[in-house]
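In what follows, a single structure is set out as structure tokens and then discussed.
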Amino acid sequence: MDSPRPHEPARRDLDLLVWDAPNIDMTLSSILGSRPASSDRPRFDAIARWFLSEAADHEVEGCVFTNVHPTSAVSLRGWIEALRSFGYAVFARPKVHPEDDVDDAMLQHIASRRASHRLRRVVVASGDGRNFLAPLEELHRAGVRVVVLSFAEVAGYAQESPLIEFVDLEDVPGAFQVSLGRTRLTALPPDGGWFRPTRPMRALLEDSGPLEHPHPVPAVEAPAPAPAGEDRPRAQPPEVGEVGRVPAPQGQQARTG
């Protein structure tokens, strides 16, 4: 179906990366529980190198889509210029109304490049399955390799689809200067690992009012008594100095604070 007609020029192969900046930034804030610091944000030069590592000799294009609030226009200028220096094109849309988003522009750009080129790989950095699941699965059926680049906590649509490849952003080499300290239960080391508490236990004594649990606490049943003549296994408590997060990917430091 990709064979050119006699009167049409051959379309060039293209690997395309589109980045949903509002979605990634919102997700990162949710994971960290606060506004990301500069050291918490992904390095776009590392993302570009990872993207290029599988592009072979295909033509490549990286595009970042972002909203610009009237109050942030000045502060975003430096970031946009840095992206352009890394080889990214930037699509910026004013954020005047809550519904002013960039998803439609991203999908329109993918469709435009599909018409002008022979898409080989499309990488979409977004956890928004509502808008991207159906179009991306349709691309796969058309013979395009489709990759979603996001965080496992929000990109269930990509992890559950048999037609889409999923890559966690924190698994991209060099994408983050420090480990984000996430509770990634799907990336545990074979021998298990520890997660540090997010606040001191004694802070519970300072709380006023009833305790609030971020997640429902299931009831714990008492263990059944051991059969007569059989010793109970003894649990070995960890040494305090050894308690820590699951080891960060090689080359990264654990995030503190």
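Which residue is modelled with the highest pLDDT, if the candidates are limited to the stretch 25-46 and must be over 21 Å from ALA82 (Cα atoms) and surrounded by fewer than 16 Cβ atoms within 10 Å (Cβ to Cβ)?
So the residue we want is SER29.
State all residues of the stretch 94-106 that are touching a residue at least 12 places away in the same chain (Cβ under 8 Å) and either open to solvent by less than 40 Å² (accessible area, probe 1.4 Å) or part of a loop (DSSP other than H, G, I, E, B) (or both); if no residue qualifies, say none.
Within the stretch 94-106, LYS95, VAL96, ASP100, ASP101, VAL102, ASP103, ALA105, MET106 qualify.
Can you report the number of residues in the stretch 121-167 which are open to solvent by less than 10 Å² (accessible area, probe 1.4 Å) and within 20 Å of ASP101 (Cβ to Cβ)?
Looking only at that region, the number is 13.
Of everything in the stretch 68-100, what is in contact with a Pro (Cβ under 7 Å, 6 or more places away or on another chain) and either modelled with pLDDT under 85 or among the small types (Gly, Ala, Ser) (or both)? Give them in sequence order.
The one that is in contact with a Pro (Cβ under 7 Å, 6 or more places away or on another chain) and either modelled with pLDDT under 85 or among the small types (Gly, Ala, Ser) (or both): ASP100.
Name, by its number, the condition in (1) aromatic (Phe, Trp, Tyr); (2) touching a residue at least 24 places away in the same chain (Cβ under 8 Å); (3) in a helix (DSSP H, G or I); (4) open to solvent by 50 Å² or more (accessible area, probe 1.4 Å) that does not hold for PHE91.
Among (1) aromatic (Phe, Trp, Tyr); (2) touching a residue at least 24 places away in the same chain (Cβ under 8 Å); (3) in a helix (DSSP H, G or I); (4) open to solvent by 50 Å² or more (accessible area, probe 1.4 Å), PHE91 violates only (3).
Taking only the stretch 53-72 into account, find how many residues are outside any loop (DSSP other than H, G, I, E, B) and either among the aromatic types (Phe, Trp, Tyr) or surrounded by fewer than 15 Cβ atoms within 10 Å (Cβ to Cβ) (or both).
Residues flagged as outside any loop (DSSP other than H, G, I, E, B) and either among the aromatic types (Phe, Trp, Tyr) or surrounded by fewer than 15 Cβ atoms within 10 Å (Cβ to Cβ) (or both) within the stretch 53-72 amount to 6.
Can you find a residue in the stretch 3-14 that is modelled with pLDDT of 85 or more, in contact with a strand residue (DSSP E or B) (Cβ under 7 Å, 6 or more places away or on another chain), assigned to a strand (DSSP E or B) and on the phi < 0 side of the Ramachandran plot?
yes
The values are calculated or read from the model by the stated rules, or taken from the named source; none is laboratory data. Worth saying up front: this structure is predicted, and the values here are computed from it rather than measured. We place every Cβ from the backbone using ideal geometry, glycine too, and count neighbours over all the protein chains shown. The protein model used for the area step is the full one, side chains on, heavy atoms only, and it has no ligands, DNA or RNA in it. Shrake-Rupley method; radii C 1.70, N 1.55, O 1.52, S 1.80 Å.
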